[in-house]
1. In square nanometres, what is the average projected area of the Cα convex hull of the chain?
2. Starting at the first residue of the stretch 99-110, write each ³J(HN,Hα) from the Karplus equation 6.51 cos²θ - 1.76 cosθ + 1.60 with θ = phi - 60°, in whole Hz, x for Gly and Pro.
3. Using 16 Å as the cut-off for backbone N distance, which residues of the stretch 45-82 belong to the label zone defined by a point 7 Å from the Cα of Ser96 along Cα→Cβ?
4. Per residue of the chain, what 222 nm ellipticity follows from adding -39500 (n - 2.57) for every DSSP H run with n ≥ 4, rounded to the nearest 500?
5. Fully extended, how many nm does the chain gain between Glu83 and Arg36 (0.36 nm per residue separation, minus their Cα-Cα distance)?
6. List, in order, the whole-Hz ³J(HN,Hα) value for each residue of the stretch 63-80 obtained from phi through the Karplus relation with A = 6.51, B = -1.76, C = 1.60 and θ = phi - 60°; use x for Gly and Pro.
7. Roughly how many Å² is the accessible area per residue of the chain, as a whole number, for a 1.4 Å probe?
8. Calculate, in nm to one decimal, what Glu110 and Glu8 gain on full extension: separation in residues at 0.36 nm each, minus their alpha carbon distance.
Amino acid sequence: MTDDPKDELYRSDRYFKVWQYTVGHRRLLLRSTRDRPPFTRIDVHFGAVGLMLLRPVYDGLLIRRATDEECARVSREYGVEMEPGQHLFALAEDLSSFVISAQPQWHEDEGGVDDPSWFGHMVGTR
């Protein structure tokens, strides 16, 4: 959690939707479907979610580690402390959208809209 530009973990110009959240395992899935070129599906998975402030859709997605200052602000404004293994990930250049979770992962494949995620079965997918 520094101000280092290397803290950008993922960037895509694709259109993503908040696809699913499972309460039991606190898993969040953002998905870019195959209905737009390049006709592949991208799933972005966050595990051990502690707090999230999300938009329903993202026309382009940026995931970056938050700065120490941003972490302090979120802790102060939302009254949360991060559990061991959790980090604050901003989903924008600012803190207008963020997730406190374990390290996010992403995977691109040719799966369909209702096909299970590469990250395993989540309720609501076949």
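The values are calculated or read from the model by the stated rules, or taken from the named source; none is laboratory data. Predicted model, so just to flag it, every value in this text is computed and none were measured. When we count neighbours, we look across all protein chains shown, and the Cβ atoms used for this are built from the backbone with ideal geometry, even at glycine. Accessible surface areas use protein heavy atoms only, side chains included; no ligands, DNA or RNA. Shrake-Rupley method; radii C 1.70, N 1.55, O 1.52, S 1.80 Å.
1. 7.6 nm²
2. Ordered by residue, 3J(HN,Hα) equals 9, 9, 6, 6, 3, x, 10, 9, 8, 10, 8, 10 Hz.
3. In the stretch 45-82, the label zone of Ser96 (backbone N under 16 Å from the point 7 Å along Cα→Cβ) covers 53-64.
4. -2500 deg cm²/dmol
5. 13.2 nm
6. Values per residue, Gly and Pro as x: 10, 9, 5, 6, 6, 4, 5, 5, 4, 5, 5, 5, 4, 5, 6, 10, x, 10 Hz.
7. On a per-residue basis, the chain sits at 56 Å².
8. 34.2 nm
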